[in-house]
Ligand SMILES: [Zn+2]
């Protein structure tokens, strides 16, 4: 693997600037339930680089201590990360909390409680965005989400209409199936550059969503994030808040 080509990221961002346009980058970090040393590190990075952060919080386990910790953080939004992050799929299948393994009414009742819980705990920083655990949700669940108050669905990968407006994460820094640490920086940078260039050649570029998982970051992951935020921070404006993207950055429902 060659050294990460941070210059190629600079160049991709410069192409946007030269075109008089601004890419929409956003940052989703998953699985928060309580204050931890890793969360402190995450908040320190985001705050230090003035990067808005969308924290996908697991409603069932979320603590009031987490709400108190986030209370002074101007740039942090909270999204609902399922209800319990419990797997209900058999071991022969990919993990799912929100799949077809239980009656839809049961799943939806939990998701309704989840949104109410994060709104109660986190107030105005709670956004009506559902982040399904493992980025998977049964197609029979989605039609019931709007009635619960959810306005946006956020999974992983190229966004496509899903029956609810979509704001996806599109670049995952972790190597889940190999080292379980950070992917090689050069690979992640190349992916970002590819998505930036695709967006620039598109009339309706989609937001580029960085996906992180603070609880399992190795040192390489933290170092990558610091470098990425530093590199993109030289652009203006570098990162979009989820609030702003909810207004105009979502892929329409249909
Ligand atoms: Zn998760």
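Bear in mind that the values in this text are calculations on the coordinates, not laboratory data. All figures in this text were calculated on a predicted structure; none of them were measured in a lab. Cβ coordinates were reconstructed from backbone atoms using ideal geometry, including for glycine residues, and neighbour counts include every protein chain displayed.
Below are the figures for this structure:
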item	result
Nearest 10 degrees, 0 to 90: helix 185-200 Cα axis against the chain principal axis	90
Degrees separating the helix 104-122 axis from the principal Cα axis of the chain, which is the longest one	60
Length-normalised contact order for segment 127-197 - Cα pairs under 8 Å, 6+ apart - percent	22
Value of [θ]222 nm, deg cm²/dmol, for the chain, DSSP H segments ≥ 4, -39500 (n - 2.57) each, nearest 500	-11500 deg cm²/dmol
On Cα atoms only, tilt of 219-233 relative to the major axis of the chain in degrees	60
Residue exposure sequence - 29, 248, 243 - by fewest surrounding Cβ within 10 Å	248, 243, 29
Calculated Rg and Dmax of segment 6-244 using C-alpha coordinates, Å	17.6, 52
Choice from 219, 191, 97 with maximal GNM fluctuation in the chain (Cα, 10 Å cutoff)	219
Cα-based Kirkwood hydrodynamic radius, segment 21-90, one decimal, Å	13.0
Whole-angstrom gap from segment 160-197 to segment 1-52, using each part's C-alpha centre	12
Value of relative contact order over segment 6-244, rounded to a whole percent, pairs C-alpha under 8 Å and six or more apart	27
Debye intensity ratio I(q)/I(0), log10, segment 120-254, q values 0.14, 0.17, 0.18, 0.21 Å⁻¹ (C-alpha model)	-0.74, -1.07, -1.18, -1.41
Residue 140 paired with residue 64, simple spin-label distance in nm, labels 7 Å along Cα-to-beta-carbon	3.9
Spatial separation of Cα centroids for segment 139-157 and segment 212-229, in angstrom	29
Percent antiparallel among DSSP beta bridges (both partners in segment 6-244, rounded to 5)	5
